[in-house]
Every structure is written in C-alpha cells, then in structure tokens.
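Working notes, beginning with the structure itself.
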Amino acid sequence: MDVFEAIRTRRSIRKYKDKQVPFDNIVTIMQAGKYAPSAGNLQNWKFIVVKTDVKRAAITKACLEQEWMEIAPVHIVVLAEPKKAERHYGARGARLYTIQGCAAAIQNMLLTAHSLGLGACWIGAFDEDEIWRILGLPEEASVQGVITIGYADENPAAPPKYRIEHMMFFEKWWGRIELPKRHIGHWSTFNMKAVYEGKKLAKKVHKKVTEKVKEKFRKKQ
Ligand SMILES: Cc1cc2nc3c(=O)[nH]c(=O)nc-3n(C[C@H](O)[C@H](O)[C@H](O)COP(=O)(O)O)c2cc1C
C-alpha cells in the first residue's frame, strides 16, 4: 500500500475483534511514531502501551466513558515532555511544537496500523488528571492522546470530506486560479514555460520555412 493510499483509506475504527495484536506489530507502530518529525529533532514524547484489562477499562473511563474503547486489545497513550521543548524554544516550544510533534507521531502510528491490516482510532477526549493517576505519570508528562488498536470488526464508510477547492488557495487567502485564456503566461509557471517553449519552436519553424522558400525562389531565378 503506498502512502497516499494508506492516508486515503484509513478510517477511525471503533469496533474490534476479540483477537490479540502481535507484539511485533505494536513495536512497528511505535517505531513509526518515533520517525515522526519533531522541532529540533527533540523527540520529546513517550508512548505507553496498555494491554491489561483493568487499565484499559480505567483509561476508557478516563476518556469520558467512550465504552467501545475497552474492547480494543491495545491502547497506546502518547505523552509529551513540554519542559524539554521549553528549554530550547520557550513557550512556543512547550505549547505549539510539542503538540504538533505528538500529533505527527500519532498520525504516523495510525497509518502504520492501517498498513499492517489493523484498525485504530485517535482519542483526544480524556481527563488528563485521571490518566496521570492511572499510569503513575511524573509531573513533567503531558497527556497528548490515546490510540486504540486492534483488528477491525467494522468497515465504516468514508466520512464526507470537502472538495480540495474548498481549502486550496494560491498566493493569498481565498486566492483562486485565474482563467488560463485571460491570463495565459501568468496563471501558472507550467503554462508560462509551455508558452515560452511554444514561441521558441514557432520562431525556429518560421526561420526554417523562410530559408527554404527563399532558396526555392533563388533556384528558380
Ligand atoms: C485531535 C483528535 C481528537 C479525536 N478524538 C476522538 C475521540 O475522543 N473519540 C473518537 O471516537 N474519535 C476521535 N477522533 C477521531 C475523529 O472523530 C475522526 O478522525 C473523524 O471523525 C474522521 O474520521 P476518519 O478518522 O475515519 O477519517 C479524534 C481525532 C482527532 C484528530
């Protein structure tokens, strides 16, 4: 499965089979998290794998009682160390880069789970204090998200997505492609190049034809 295909076909899975996930797969998924980009390559994240029934039940409760979560055989809790980013980048590191890095790691893990034939879901609704208590976290750890993983027992339809035109702008907020016939030479570098090459070719052909015609006239005289 190529990357775009994995991105396009991944779904949030909320029903799981009663089947264990091989440990190798769990490690591969976390490796994918590890390879995510992070500001200054700080990698200020930790991933806690939770498999025991009691802890998964407690995490489910802490995730505002999203009951379906308990069925997933694996939960991965994604934690950040914002202080580490703060030391390098100040408040921006702690508040923005840390969250963005963990989000990139989570998405890598979701896609890898999907590519391994597993289902997964990103959980952002949770009581952070409760998760701290359940996992015995240190003060510097910040809970960024929970991922449920298991074999999918559902095949959800793709949720509606806006057309690309709704979000794709050019050069400015709400910038649209201009009509090529009105602004040819301006609307894209591709067309500018095509017009330039076309003109060059036309000049070359014109020169050759003129030379041939002149030569014919010369021979006739
Ligand atoms: C930051 C974030 C938080 C989310 N939190 C939850 C959640 O608490 N519970 C849940 O069931 N899904 C959660 N989701 C999954 C979204 O509901 C889901 O991605 C969205 O409906 C689109 O469906 P898809 O993932 O199948 O494309 C979350 C997704 C993101 C990115």
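Read-outs throughout are calculated quantities, based only on the coordinates presented, and are distinct from any laboratory measurement. Just so you know, these numbers come straight off a predicted model, no measurement behind them. Here Cβ is always computed from backbone atoms with ideal geometry, including for glycine, and neighbour counts include all displayed protein chains.
Descriptive notes on the structure:
- Efficiency of FRET from Cβ geometry, Lys83 and Phe169, R₀ 45 Å, rounded to 0.05: 0.75
- Dividing the radius of gyration of the alpha carbons in segment 83-221 by their Kirkwood radius gives 1.36 for Rg/Rh.
- The packing ranking, built from the mean of other Cβ atoms within 10 Å per residue, places the peptides 205-217, 140-152, 121-133 in the order 140-152, 121-133, 205-217, highest first.
- In terms of its C-alpha gyration tensor, segment 3-150 comes out oblate, because a/c is 1.5 or above while a/b does not outweigh b/c.
- Degrees, to the nearest 10: 23-34 long Cα axis against longest axis of the chain: 60
- In summary, the convex hull built on the alpha carbon positions of segment 64-153 has an orientation-averaged projected area of 6.2 nm².
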